[in-house]
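Below: the structure, in C-alpha cells.
Nothing in this text is a laboratory measurement; each read-out follows from the coordinates by a stated rule. Only a predicted model underlies this, so the values are computations on that prediction, with no experimental measurement involved. Ideal geometry is used to build each Cβ from the backbone, glycine not excepted, and the neighbour counts take in all protein chains shown.
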Amino acid sequence: MKKFLTSATISLALLAGAPALAQAQQSGGQTNPAASQQQTNFDDAELRQFVEAQSGINDIRDEYMAKIEAADSQEKAQELQMEANDEMVTVIDEAGLDIPTYNAIATAYNSEPDVREKVDSLM
C-alpha cells in the first residue's frame, strides 16, 4: 500500500501540468469553475478505472524513473519526463478517466480515508 501511495504521489507530480492542458483541450480553452471544486464521492466505476490506470502508471513510472535518473543532462531528463507524462495521460484516457478526475481521486486517496478504503478494496 505504501508503494501505491508513493506511486500516486509521483504520478501526481509527473502529471502536474497535464490537468490544465487536458482541460483546456477538452473545453476548447475555456475553464469550468465547477471543475475547480474537488469531488470526493466517486462511484465504483470511477474507482475501478483509477485502479486500472494506476497499474499502468506504476509500470510507466518504474520504466522511466531509472531512465530519468541515468540521463546525462537536465534536458534529456526533462525529455524523458515528458515522454513518461504523455504515456501516463494515454493510460488514464484508455482507462476511461479524464486527467482532472484521475488527479481528484489520487488527491482524495491521500486525504480521504473513505476513498482510500474503497480504492484499496478494489486493488
Relative packing of peptides 41-53, 75-87, 92-104 - highest average C-beta neighbours within 10 Å first: 92-104, 41-53, 75-87
Sum of side-chain charges, Ser111 neighbourhood, beta-carbon under 14 Å (Lys, Arg +1; Asp, Glu -1): -1
Gain in span if fully extended, Glu79 to Ser111, counting 0.36 nm per residue against the direct Cα distance: 8.4 nm
